[in-house]
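First up is the structure itself, then whatever we jot down about it.
The values are calculated or read from the model by the stated rules, or taken from the named source; none is laboratory data. Given the structure is predicted, the values throughout are model-derived calculations rather than measurements. Glycine gets a Cβ as well: all are built from the backbone with ideal geometry, and neighbour counts include every protein chain shown. Accessible surface is based on the protein model in full, side chains and every heavy atom, while ligands, DNA and RNA are left aside. Shrake-Rupley method; radii C 1.70, N 1.55, O 1.52, S 1.80 Å.
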Amino acid sequence: MKSVRTLLLGFERRMTRLQKEAVILLADAALSPLCFFLTALLVYGSFWPQLQLQRLAILFPVLALLGAMASMAAGLPRIKLKTYASFSANGILAFSTMVGTGTLLLTMLPGMYFPVAGTITFSMALFLAAILVRVAMLKVLLWVLSTDRPQTRVLIYGAGKTGQQLASALKSHETIVVTAFIDDDPSLHVQRLMGKRIYPSQQVERLMRKFDIARVLLAMPSLSAPKLAQISRRLQALGLGVQALPSFAQLVGTEQLIEALAPVPTGRFLGRSHLDDVLATAVSGYAGKTVLISGAGGSVGSELCRQLIVQRPARLVLYEVSELALYNIDRDLQDLMEAAGGGARTEIVPVLGSVTDARLTRAVLAQHQVDTVFHSAAYKHVPLVEQNPVAGISNNVFGTRILADACVDQGVRRFILVSTDKAVRPSNIMGASKRLAELVIQDRAKRSRTTHFSIVRFGNVLGSSGSVIPLFREQIARGGPVTLTHDDVTRYFMTIAEASKLVLMAGSFVDAGQSSAPLADVFVLDMGKPVRIRQLAEQMIQGAGYTVRDEDNPDGDIEIKVIGLRPGEKLHEELLIGQGLLTTPHPKILRAAEESLSELEIANAMRELAGHMATGDAEAMRVLTMQLVRPRQEQAPTAAAAT
């Protein structure tokens, strides 16, 4: 049997399309006289009505010719066997009708009498025979084609109209075999659809083992994306391949796919009005100057570059440790300048390197004669820095010191450190390293006569790489759950545009005579009230067009899951260490007067930290850093108790 199948397979592959059409044409031509012969036996009630057959013998070759002509007129030879169920029923009806009409006219000729009822019966028999022949030929073809093609057994998840259409389309597939249907509707269980049993989803694992199922096809295009994602993950956990069938509306473009939905603007989650227009005033002082941005490829750094390019500085030095991030921001800025057209062009200088590289840092500042430095390079991801304190302190503290020292030595006029609210009474090593960086800048400001130092401190930046917005978006796209560290956790938020404009304005205040030497100015933005992260998660779920699944709404799309506070994470963040706030030329930007360590304390601390870093003593670095950044009023009771 296998040799016969192999022989037929070779024969089928050698046939041209024209030869295959000829085979179907010959089959239709042969069916017409054959069906007429069988009808005559039925009409005359004899196994071999010799006299009638001799009288009608001339009709047999004429019917064969008529059948061939009708088949060609109906286009039946051009219809592939695989698509007969969808496309050829109407064609076969036309074919049998034409042959039947021609036969009726022929039997009206003298000596060719045949009952009209017999002619109608012949037409019906021809119609059924043409369909059966095609079914048989298709079965043989699929049997032959399966010789060297392994078959894949699949389940169809969804026993509705879409699932039925999918199963019908797959009937003619050589390698995919529909084994059964899966549906969550209890009323459909134990029923059959297209001859296949409908099972509940709880039996998928059993069916997988019983029928050797390799793949599940999701035929539920009306189901929400999160629920489809949940079903997919559950099936993939069993080792099954999962494919989803889009709706017809999605295929023709009348309904957007979920990936094409416009993202919800991050600014709507601020819980306050935007300050972009308010902060847009009086940002000046950078035209014709050379500006360096460390961390130029980061979220805030890249936005700083985009806003600075509008100010038309003479040169923009992009200092970035990530090759990909540096390439992207360099390309973006070049495109922005091309789009802007005429006028003086800014020279873009991409520099690949780390601020911890003292030799490179000094060389870059000297070569390009930098006027202003925006230091936004830092490791900011709290859990990662918590697990890698040596790298975090090296980059955030020593990198800041190296860059600040180089700026003083090279006569850089302005230095603006981009800090974070996590530096206020820090409970984690990331916040502590940023606070220590602030103290390093405060110390350098007291000893500098050429460079003016400023610190800009703000809360979480919506949409940045370290914020919860991208994480929540990804979790929502996967169907949830959205993870929350605590129900009551709150954060201050600002947009990337607001953060960048705050940094630029802080730098411009130096020219407005706002220097508070000998200490570095600490600028903060009035960000209103902090936002509950749970409320933010709910708004993002609803903004994506889904509902929250909880006790009150068990049929919702996406669950919010509380996983507990991470190491070093606080429930609530602050923006100020002390109580005093001073005004600035801008009503929404305030200036804080904060304490600093003495020059001797900073020198001893940096020397001790450098020693621990040289030996790789992460725990000693952690303890010393946390001790250095504790406010003096908290350290005093500890010291008194020790004495």
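Numbers for the structure displayed
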| read-out | value |
| --- | --- |
| R449 paired with Q236, simple spin-label distance in nm, labels 7 Å along Cα-to-beta-carbon | 6.4 |
| Euclidean distance of C-alpha centroids, region 422-463 and region 168-206, integer Å | 63 |
| Rounded FRET efficiency, nearest 0.05, which uses the C-beta distance separating D184 from R478 and R0 of 25 Å | 0.80 |
| Extended-chain gain in nm, criterion 0.36 nm per residue less alpha-carbon gap, L65 and L105 | 12.9 nm |
| Radius of gyration, Dmax [region 403-447; alpha carbons; angstrom] | 11.8, 36 |
| Out-of-range pairs (alpha-carbon distance over 26 Å; input K289/K422; K139/K196; K161/K561; K227/K422; K380/K501) | K289/K422; K161/K561; K227/K422 |
| Gyration tensor (Cα) of region 282-331, equivalent ellipsoid semi-axes in angstrom | 20, 10, 8 |
| Surface/4 estimate of mean projected area, convex hull on alpha-carbon atoms of region 160-248, nm² | 5.8 |
| Distance between modelled label sites at T97 and A363, nm, 7 Å Cα→Cβ extension | 8.6 |
| Förster radius 41 Å - calculated FRET efficiency between R630 and Q202 (Cβ-Cβ, nearest 0.05) | 0.15 |
| Added length on full extension, which subtracts the Cα-Cα distance from 0.36 nm per residue, L571 to D409 | 54.2 nm |
| Stretch gain in nm, segment L336-R17, where the contour uses 0.36 nm per residue and the Cα spacing is subtracted | 109.3 nm |
| Per residue accessible area of region 348-461, 1.4 Å probe, in Å² | 31 |
| Euclidean distance between Cα centres, region 601-616 to region 468-503, Å | 35 |
| Cα→Cβ-extended label distance, 7 Å offset, between K529 and D212, nm | 6.4 |
